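Here is the structure we will look at, set down as structure tokens.
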Amino acid sequence: MSWLQIASIAFAFLSPVVLWAIHRRKPHPAFERFFARCYAGLLIVVFLAGPLQRYLEGRPDIAHMLPMHLCDWALVTVVVALLWQSPVCFELAYFWGLCGTLQALFTPAIDPGLEWWRLIVFFVDHATIVASVIFMILVTRMRPRTLWNVLLWSEIYLVAALAVNARTDSNYGFLAHRPVTASMLDLFSDTHWLYVVEINGVALLFFAALYAPWLIADRIVARRAAIN
């Protein structure tokens, strides 16, 4: 694990906790808005940095430049949720960010020998997505209300990524084949259609696991209210 990866993981978890600790002592809407915009601005910068650098270097590559990884879609939902407090976008950011992006932080599917700026963009991108989701939970008090939105949009993403992969011979979502670096995907089948089914099924299980604490808490509150 490189120092950049360690720093990114620390930023992802510590920055929102520090902001929450400061905010809870003297809550103020302006504090929430300012740091929500800071997270959103950072995400927009890193989102544009990669394609812009490739363009400036004169080596655009559609197989790698399209925003078709799940983390790209998670980034967009995070930015919208941060800036406009969209409940649906927060739900998508919560599940996609904590299931997919968080895993990418711990098992990054990126060549450590790449240019330094690409490594920084990758880790800052993924770390800020996770940090933003935790920030919205702790500071702006947003929470997922249902699983249905993420189930629907995850299937839309799956179909879209498969179609783009077939059209461009790319590997968005790692749906064409496993990444070269070690990951949980190494445990899945070598048969392509079964590999895709397993990715989809495991993702749905992770979504359910992430929603379970909220569901249990709601039922406890409802039971207490009924008793009282």
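The values are calculated or read from the model by the stated rules, or taken from the named source; none is laboratory data. Fair warning: this is a prediction, and the values are worked out from it, not measured in the lab. Cβ coordinates were reconstructed from backbone atoms using ideal geometry, including for glycine residues, and neighbour counts include every protein chain displayed. With ligands, DNA and RNA removed, areas are computed over all heavy atoms of the protein, side chains included. Shrake-Rupley method; radii C 1.70, N 1.55, O 1.52, S 1.80 Å.
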Item to check | Flag for L119 being under 17 Å from P16 (Cα atoms) and surrounded by fewer than 20 Cβ atoms within 10 Å (Cβ to Cβ) | outcome: no
Item to check | Pairs where the first residue, in the range 163-187, is farther than 17 Å from A104 by Cβ and open to solvent by less than 80 Å² (accessible area, probe 1.4 Å) and the second is aromatic (F, W, Y) and outside any loop (DSSP other than H, G, I, E, B), C-beta under 7 Å, 6+ apart | outcome: V164/Y172; N165/Y172
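In the range 136-150, is there at least one residue being of a type in the set (S, T, Y) and open to solvent by 30 Å² or more (accessible area, probe 1.4 Å)?
yes
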Checklist entry - Cβ-Cβ below 9 Å, separation at least six or inter-chain, first residue in the range 19-34 and closer than 13 Å to L83 by Cα, second of a type in the set (S, T, Y) and at pLDDT 90 or above: which pairs? => result E32/T140
Checklist entry - I110 fails exactly one of the following numbered conditions: (1) part of a helix (DSSP H, G or I); (2) closer than 24 Å to A176 by Cα. What is the number of that condition? => result (1)
Next on the checklist: Here is a list: L175, L204. Which entry is within 26 Å of P144 (Cα to Cα) and among the aliphatic types (A, V, I, L, M)?
Outcome noted: L204
Checklist entry - For T191, which of the numbered conditions (1) surrounded by 13 or more Cβ atoms within 10 Å (Cβ to Cβ); (2) modelled with pLDDT of 95 or more; (3) not hydrophobic (A, V, I, L, M, F, W, C) fails to hold? => result (1)
Checklist entry - Of all residues in the range 89-146 being of a type in the set (D, E) and under 20 Å from M68 (Cα atoms), which is modelled with the lowest pLDDT? => result D111
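When residues of the range 9-32 are filtered for being under 14 Å from F122 (Cα atoms) and out of contact with any Leu (no Cβ under 6 Å at 6 or more places or on another chain), how many remain?
Going through the range 9-32 one residue at a time, the tally reaches 2.
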Item to check | In the range 82-100, the residues that are without any contact (Cβ under 8 Å) to a residue 40 or more places away in the chain and among the hydrophobic types (A, V, I, L, M, F, W, C) | outcome: W84, C89
Next on the checklist: All but one of (1) touching a helix residue (DSSP H, G or I) at 6+ places or on another chain (Cβ under 7 Å); (2) open to solvent by 80 Å² or more (accessible area, probe 1.4 Å) hold for R54; state the number of the condition that does not hold.
Outcome noted: (2)
